[in-house]
Structure formats: C-alpha cells, structure tokens
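K.L.:
After the structure tokens below, expect a handful of questions from me.
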Amino acid sequence: MPSLIEIRNLSKFYRRGEQRIPVLVDINLDVMEGDFLALMGPSGSGKSTLLNLIAGLDRPTAGVLRVGGVDIAALPESALADWRAAHVGFVFQFYNLIPVLTAFENVELPLTLTPLSRQERRQHVELVIELVGLGDRKTHYPRQLSGGQQQRVAIARALVTDPMLIVADEPTGDLDRASAAEILELMERMNEDLGKTIVMVTHDQRAADKAHYVQHLDKGELSERVEVLARTP
Ligand SMILES: Nc1ncnc2c1ncn2[C@@H]1O[C@H](COP(=O)(O)OP(=O)(O)OP(=O)(O)O)[C@@H](O)[C@H]1O
Ligand SMILES: [Mg+2]
C-alpha cells in the first residue's frame with residue numbers, strides 16, 4: 001500500500017536578509033492511511049513548519065512532498081487551496097474560531113466552499129456537532145463556550161468536510177487536564193471510528209500516548225519512529 005504522506009529529502013529554509021536559515025533538513029517520512037503520528041520536539045525545532053508543509057499551508061525549499069499521491073508542492077496556489085479545503089481538517093492550539101459566528105456557523109464555514117445545498121450542509125453540520133457532544137450549544141458564540149468546548153467546535157469544523165487527513169498543532173496546549181482528556185478522546189475516535197489519518201504536534205506526553213507512534217524533531221532533523229506500546233485506554 002502506498003503511503004498517504006510520502007516525504008523524501010525534504011528541506012525548508014527561511015531567508016533572513018542574505019542568510020538562509022535551515023529549519024528542516026533532509027526529512028524523510030512515511031505516514032500510512034489510518035496512522036496516528038505524534039510529532040514532538042523542543043520549541044523551534046520545526047514541528048509546526050513540517051505540519052504546515054504536510055497540510056499544504058507552506059511550500060518546501062527542496063524535496064518530495066506527496067499527500068494522497070498528489071505532489072502538492074507543484075500545485076499552483078488556487079489548486080492548492082482547493083486541495084486543502086477538500087482533503088485536510090485543521091485543529092489549532094487556540095481554536096481559531098470566528099468570533100462573530102455561532103458554533104453551528106463556524107462548523108458550516110468549510111462547507112460554504114463546496115457545491116452542497118443549504119439542506120445538505122445543515123445535515124453534515126448536525127452530524128458532526130452531535131458527534132463532538134455539542135448538540136445543545138449550536139447557537140452559542142465562541143466567547144460563550146469554554147476552551148474545551150471551543151476546541152470541540154474546531155474538531156467538528158475539521159471533520160465536517162470528511163477530509164482524509166487531520167493535522168493538529170498542540171490541540172491540548174491551552175486546555176486544563178480534564179478538557180485535554182476529552183479532546184484526546186475525540187482525536188482517538190476520529191482515528192479509530194472514522195479512520196482518519198492524524199498528524200499531531202504536541203508537547204504533552206498524555207497526548208502522544210494516544211498516537212500509534214512518535215517521531216521527534218530536533219534542530220530540523222527527524223528521529224526514527226518510536227512505537228507507543230501501552231496506549232492509554
Ligand atoms: N515564516 C517564517 N519566517 C522565518 N522563520 C520562520 C518562519 N516560520 C518559522 N520560522 C523559524 O523556524 C523555526 C521553527 O519554527 P516552528 O514554528 O516550526 O517551531 P516549532 O517546533 O513548532 O516550535 P514551538 O514548539 O515553539 O511551536 C524557528 O526558528 C522559527 O523562528
Ligand atoms: Mg509550533
């Protein structure tokens with residue numbers, strides 16, 4: 001079976017004046033369909049940079065970056081935006097909800113880019129909002145929700161287009177322990193019940209323990225994978 005994410009000799013440099021600053025150096029990575037990978041490593045090691053490349057938010061300086069068989073680095077900007085909208089769900093540390101939209105409208109937003117009718121959109125939104133346990137919070141605005149509830153809205157928004165890949169950048173980084181545990185349980189259900197492939201950046205060992213395996217980034221270099229043996233129930 002081919003890898004869902006196939007990365008070969010990938011490098012990313014940022015430019016500072018005349019200087020070229022290496023952030024990722026010669027990265028090789030394979031993520032199979034249905035995998036749940038946790039990326040760990042010190043601050044500044046390039047985790048978010050790598051995640052953003054995988055999600056098509058940024059472009060590599062060199063190397064091969066194929067996701068779902070598509071050479072995403074070669075796509076023109078508008079095609080890349082369409083590809084992201086169709087295939088990737090995003091979960092961020094600070095939720096990134098739109099403050100003037102309700103929970104329902106936030107979840108509906110990615111569907112407004114699709115040809116679905118209003119009625120079909122409603123059905124999809126209802127389904128994922130129930131799935132994350134917020135059926136009774138649909139008309140609440142983000143400021144009327146706790147951090148954990150906002151992150152659940154963000155997860156519903158990530159799922160609503162039924163993407164093949166979920167990328168999460170420190171999804172529990174701003175949550176207390178109990179809310180973090182709820183979010184991690186949802187991440188696990190997305191993977192196990194819905195078959196979503198997940199790449200999650202985290203500093204949180206409890207989060208990493210939900211993954212199938214962990215890879216560490218350090219100074220732009222990626223370690224071998226470490227299997228998570230005793231996955232927490
Ligand atoms: N757009 C950019 N322009 C220049 N340098 C950048 C840019 N984005 C990231 N960097 C640099 O790349 C390095 C890696 O950043 P990145 O955000 O990937 O780290 P990280 O591992 O996610 O860290 P953290 O755990 O703190 O979130 C940092 O030194 C950062 O300053
Ligand atoms: Mg980061």
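K.L.:
Can you give the FRET efficiency to the nearest 0.05 for E105 and R177, using r as the Cβ-Cβ distance and R₀ = 25 Å?
P.N.:
0.25
K.L.:
So in the chain, what percent of DSSP beta bridges are antiparallel if you round to the nearest 5?
P.N.:
So the antiparallel bridges amount to about 55 percent of the total.
K.L.:
For Y213, what residues show an amide H to amide H distance below 5 Å, using hydrogens built from the backbone and excluding near sequence neighbours?
P.N.:
F36, A38, V228
K.L.:
Order the peptides 33-44, 61-72 from the highest to the lowest mean number of other Cβ atoms within 10 Å of their residues.
P.N.:
Packing proxy ranking, top to bottom: 33-44, 61-72.
K.L.:
Something else about it: Let me have the 222 nm mean residue ellipticity of the chain computed from DSSP H runs of 4+ only, each contributing -39500 (n - 2.57), with the sum over all residues rounded to the nearest 500.
P.N.:
Estimated from H runs of four or more residues: -9000 deg cm²/dmol.
K.L.:
Within the stretch 132-233, list the GluC sites (Glu not before Pro) lying in a DSSP loop whose Cβ has at most 16 other Cβ atoms in a 10 Å radius. Don't skip to the end; give the middle numbers.
P.N.:
Working: sites: E182, E185, E188, E192, E221, E224, E227; in loops: E224.
For GluC sites (Glu not before Pro) across the stretch 132-233 that sit outside H, G, I, E and B with at most 16 neighbouring Cβ atoms in 10 Å, the list reads E224.
K.L.:
Hey, another quick one. Check the chain and count each lysine pair with an alpha-carbon distance under 25 angstrom, considering only pairs eight or more places apart or from different chains.
P.N.:
Number of lysine pairs found: 8.
K.L.:
Okay, moving on. Could you derive backbone 3J(HN,Hα) for the stretch 82-92 from the dihedral phi with the Karplus parameters 6.51, -1.76 and 1.60 (θ = phi - 60°), listing whole Hz in sequence and x where the residue is Gly or Pro?
P.N.:
5, 4, 4, 4, 7, 10, 10, x, 10, 10, 10
K.L.:
OK, next. Tally Lys/Arg at +1 and Asp/Glu at -1 over every other residue whose Cβ is under 15 Å from the Cβ of G195; what's the total? Intermediate values should be presented prior to the final figure.
P.N.:
Details: positive: R189, K196; negative: E33, D35, D162, E188, E192, D193.
So the surrounding residues net to -4.
K.L.:
Rounded to whole Å and sorted largest first, what semi-axes of the equivalent ellipsoid does the C-alpha gyration tensor of the stretch 5-225 yield via the square root of 5 times each eigenvalue?
P.N.:
Numbers: eigenvalues 171, 80, 51 Å².
One finds semi-axes of 29, 20, 16 Å for the stretch 5-225.
Just so you know, all these numbers are worked out from the coordinates, no wet-lab data involved. Note that the structure is a prediction, hence the values are computed from the model and not measured. Don't worry about glycine lacking a Cβ; one is built from the backbone with ideal geometry, like all the others, and counts go over all protein chains shown.
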